[in-house]
Amino acid sequence: MITFLKKISWYYKKHKFKFIIILVSAIILNLLEIMPPLIIGKTIDFITTETLSVTLMRNILILFSVVIISIYLLTFLSIYYISQSGYHIDAILRKRLVKKYLAMSPSFYERNSSGDLMARITNDLRSVTMGTTAGIVTILDTLIYGTIILITMMVVVNPVLTIIALLPLPLLIVTEVKIGRKIMDHHMTAQEAFGKMNNNVLEVVEGVRVTRSYVQENEEYNDFKAMTSNYIERVMKVVRLEALFEPVTTLIVASSFIISFAAGAYFIQNDIVTLGEFITFNIYLNMMIWPMFAFGMMLDITERGRASLNRIEDVLYETDDVLLSDGAVKNNDVSFKNYSFTYPTSTRDNLRGIDLELKKGQTLGIVGKTGSGKTTFIKQFLKYYTEGNGSFIIDGKPIKDISKEELRDLIGYVPQENFLFSKTVRENILFGKENATDEELQAAIENSALINDLNNMSDGLETKVGEKGVALSGGQKQRISIARSLIKNPEILILDDALSAVDANTEAHIIDALKRTRKDKTTIIITHRLSAVEHADQIIVIDDGEIVQSGTHDELTQKDGWYKTQHEYFKHGGETVEPN
């Protein structure tokens, strides 16, 4: 409980006025709540002593009404501000998580599954919200309400009777603390199981077409069924522990009542307390049931919240592999000298001995076998990972001294997997530049050869593309992705096999547009079709992470090697056949 309060104290330190309102309201509220039993007890004594007059009864009713109305208003005020604080903390943490997800490099996503990250921003945040709403309410009820009732019982009635009646209380505290600790441990494992199950659901939905094509529905269902059973088994361990709170509390409270009646009879018989005082005492003892039960609830809710907050903080406090820097890029000249790179999970160099000079305004073509390292080479420009060894310089500055935000702002990147948002065609293109003019939008559409497809779509630019572009063909998705990068008009445009799903005429149209519109800007094209890079100022052939050939199209077709062999296949009608 204390640890959880410390973890969220940053919010109440920032909003001290709100915290003061909650605390003062809770104290006044709990002081008022002890008055009705006191009024009832005094009234009974007035009746037994035959001193109750009409005027006195009227004053008692007025006082009773004022107390009840005040309790109602203060209860509303305290619960409102506590709930507001809880959901405000939820919103702050949710925004922090999303900001973290957007900022982290790919290595972060290699270590964490999508399902688990979603679980942290949904289920875990829900547990934290419960801890900061219902949890705070029960903390106030347990500490303030219980303390005030206890003091009142000792001062107004009898301290000895109070101590005797509450002898079982320490046993309740010890038992519920132990149960609370076990709940936290099991809640952590349950949330981890939920994350794995969540990830499996994502994979099932995204891969449903492949699953059906291979008739693997039953296997996928059985795998999910096993994960669900594992999750339920872990959750039920938490539920079983939670179920212990109420019977343990009931048993101990019942023990207190038995002790109270036995001791109370003796105290009344010996004129130590009056009948009215004893009735007041038992009402207070009955009111103590809630703080006792709330203590168990508090431990349950706050321990769940603490476990979930730990999982959230694991992500929030994780540092990015790619460090921030403050450099600036102007001319965009690129230079690699004896550069090598290794993925965090790899045991060998994925790039090695890279030497390359690329001037602003030039076009670089990158070709090579599948899996040769072409995309790995391109990822160095995007600062997805920490820098490799050797020299990688842009505009005279090592890339480690250039902020990734500024660098990526200069780059338009069309990856192999063309991701589209579940929005309209227009919104997907304008994602590259939200404030683009109609002329810029039209130019991007024409240069990406998308105009004919739009004319055939029922709603044109307002056509919904569906989940990840499911309503479109592969070629249409590629051209929308290209248009999204072209509308940005970036200083460096990178096309990573971005023409693989278009026909030869469409490819020629896009290449002509690139040559016409990007004369003073740098373009890098990765392709398996040599026709897409014939115009390039420089072409490099990468094999097993190394540059094995470089030159212009004419130069490379005169040299023996992979490029010439591919060109011969293509010239005779082959589609970039991999030679043996």
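The values are calculated or read from the model by the stated rules, or taken from the named source; none is laboratory data. The shown structure was predicted, so the numbers you read here are calculated from the model rather than taken from an experiment. Because the Cβ atoms are built from the backbone with ideal geometry, glycine has one as well, and the counts that use them run over all protein chains shown.
Residues satisfying the criterion are absent from the stretch 74-95 (criterion: acidic (Asp, Glu), in the same structural domain as residue 283 (by TED's automatic domain parsing) and over 41 Å from the mean Cα position of the chain (by Cα)). Give 364, 441 a once-over and let me know the one that is in contact (Cβ under 8 Å) with a residue 40 or more places away in the chain and in contact with a strand residue (DSSP E or B) (Cβ under 6 Å, 6 or more places away or on another chain). Going through 364, 441 in turn, just one is in contact (Cβ under 8 Å) with a residue 40 or more places away in the chain and in contact with a strand residue (DSSP E or B) (Cβ under 6 Å, 6 or more places away or on another chain): 364. Residues of the stretch 470-518 that are outside any helix (DSSP H, G or I) and among the basic types (Lys, Arg): 488, 518. Sort through 334, 322, 329 and tell me the only one that's buried (at least 18 other Cβ atoms within 10 Å of the Cβ), in contact with a helix residue (DSSP H, G or I) (Cβ under 9 Å, 6 or more places away or on another chain), within 24 Å of residue 397 (Cβ to Cβ) and modelled with pLDDT of 85 or more. Every option except 334 fails the conditions.
Just a yes or no: is a residue in the stretch 144-166 outside any helix (DSSP H, G or I), in contact (Cβ under 8 Å) with a residue 12 or more places away in the chain and in the same structural domain as residue 128 (by TED's automatic domain parsing)? Yes, because at least one residue in the stretch 144-166 is outside any helix (DSSP H, G or I), in contact (Cβ under 8 Å) with a residue 12 or more places away in the chain and in the same structural domain as residue 128 (by TED's automatic domain parsing). Highlighted here are the helices (runs of 4 or more DSSP H) found entirely within the stretch 38-138 that include at least 2 residues which are among the aliphatic types (A, V, I, L, M) and loosely packed, with under 15 Cβ neighbours inside 10 Å: 54-103. Quick one: is residue 178 assigned to a helix (DSSP H, G or I) and either in contact (Cβ under 8 Å) with a residue 24 or more places away in the chain or surrounded by 15 or more Cβ atoms within 10 Å (Cβ to Cβ) (or both)? No: the conditions fail for residue 178. Would you say residue 183 is out of contact with any Leu (no Cβ under 6 Å at 6 or more places or on another chain), of a type in the set (A, V, I, L, M), part of a helix (DSSP H, G or I) and at pLDDT 80 or above? No, not satisfied.
Summed over the stretch 241-269, residues that are more than 30 Å from residue 303 (Cα to Cα) and of a type outside the set (S, T, N, Q) total 10. Considering only the stretch 519-535, state which residues are among the hydrophobic types (A, V, I, L, M, F, W, C) and assigned to a loop (DSSP other than H, G, I, E, B). Hit for the stretch 519-535 is 533, nothing else.
Table: residues versus (1) under 22 Å from residue 146 (Cβ atoms); (2) among the hydrophobic types (A, V, I, L, M, F, W, C); (3) at pLDDT below 85; (4) in contact with a Gly (Cβ under 9 Å, 6 or more places away or on another chain).
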residue	(1), (2), (3), (4)
26	yes, yes, yes, no
32	yes, yes, no, no
37	yes, no, yes, no
61	no, yes, no, no
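What's the total number of residues in the stretch 13-37 that are assigned to a loop (DSSP other than H, G, I, E, B) and under 23 Å from residue 283 (Cα atoms)?
First, the residues of the stretch 13-37 that are assigned to a loop (DSSP other than H, G, I, E, B): 15, 34.
If we keep only those that are under 23 Å from residue 283 (Cα atoms) too, we end up with 34.
Here the count works out to 1.
Scanning the stretch 285-298 for residues that are assigned to a helix (DSSP H, G or I) and within 18 Å of residue 251 (Cα to Cα) yields 285, 286, 287, 289, 290, 291, 292, 293, 294, 295, 296, 297.
From the list 120, 94, which one is of a type in the set (Lys, Arg) and closer than 15 Å to residue 307 by Cβ? So that I can check it myself, show each step before the final result.
Values: 94 fails: closer than 15 Å to residue 307 by Cβ.
Only one candidate qualifies: 120.
The requirement of being outside any helix (DSSP H, G or I), farther than 28 Å from residue 87 by Cβ and either of a type outside the set (Val, Ile, Thr) or touching a Lys or Arg at 6+ places or on another chain (Cβ under 9 Å) (or both) is not satisfied by residue 172. Within the stretch 232-280, take every residue that is in a helix (DSSP H, G or I) and polar (S, T, N, Q) and give me the one that is farthest from residue 290 (Cα to Cα). The selected residue is 269.
The condition of being in contact (Cβ under 8 Å) with a residue 40 or more places away in the chain and touching an Asp or Glu at 6+ places or on another chain (Cβ under 6 Å) holds for only one of 482, 526, 494, that being 526.
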